[in-house]
Amino acid sequence: MAFEELKNDLSDSQRAARDYIESTADYYRLKIFKFVMKAAIALTLLLFLGTLGLLALFFLSVAASDAIGNYLGNTTHGFLVVGGVYLIACLLAYLFRSRLERPVLKNFSKYYFEDK
């Protein structure tokens, strides 16, 4: 009698452990799927908006270069001025890259460690 009871308890414990492992694996699969989908959506949106932004920046730069060139009397000087502004912006971004990394890491960690 006691042996049968012990055998049933062990069988129930094994079944409960197996169910726990399966449900935990399912939970982590869903969590990984959610993270991968959020990353894919964010990357797609970033590429789309980045492309549109770069196109707009390109045309605005050409227009600004032309306007500055007309003001200075030489179109080449206008392009050089706009190019210099972009070089200064790149230099500043490089110098302050650690300050730019922190907000990016904060935003991405918010999505990864989210408990919702």
Could you go through the range 18-31 in sequence order and give the Karplus-derived ³J(HN,Hα) for each residue, using 6.51 cos²θ - 1.76 cosθ + 1.60 with θ = phi - 60°, rounded to whole Hz, and x for Gly and Pro?
4, 5, 5, 5, 5, 5, 5, 4, 4, 4, 5, 4, 5, 5
Between K38 and L105, how high is the FRET efficiency from 1/(1 + (r/R0)^6) when r is the Cβ-Cβ distance and R₀ = 22 Å? Nearest 0.05.
0.90
Could you tell me the largest-minus-smallest coordinate of the C-alpha atoms of the chain on each of the three principal axes, in descending order and whole angstroms?
105, 26, 18
Along the range 90-102, Karplus-curve 3J(HN,Hα) (6.51, -1.76, 1.60; θ = phi - 60°) to the nearest Hz, with x for Gly and Pro, reads 5, 4, 5, 5, 5, 5, 9, 5, 5, 6, 7, 6, 4
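With +1 on each Lys and Arg Cβ and -1 on each Asp and Glu Cβ, how big is the dipole of the chain about its Cα centre, in debye rounded to the nearest 20?
Numbers: 13 positive and 11 negative charges, 107 e Å.
In debye, rounded to 20, the chain gives about 520.
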Projected label distance in nm at S98 and F58, using a 7 Å step from Cα toward the beta-carbon
3.6
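Any read-out appearing in this document is the output of simple, stated calculations on the displayed coordinates, not a laboratory observation. What you see is a predicted model; the values in this text were computed from it and never measured. Please note: Cβ atoms are built from the backbone with ideal geometry, for glycine as well, and neighbour counts cover all protein chains shown.
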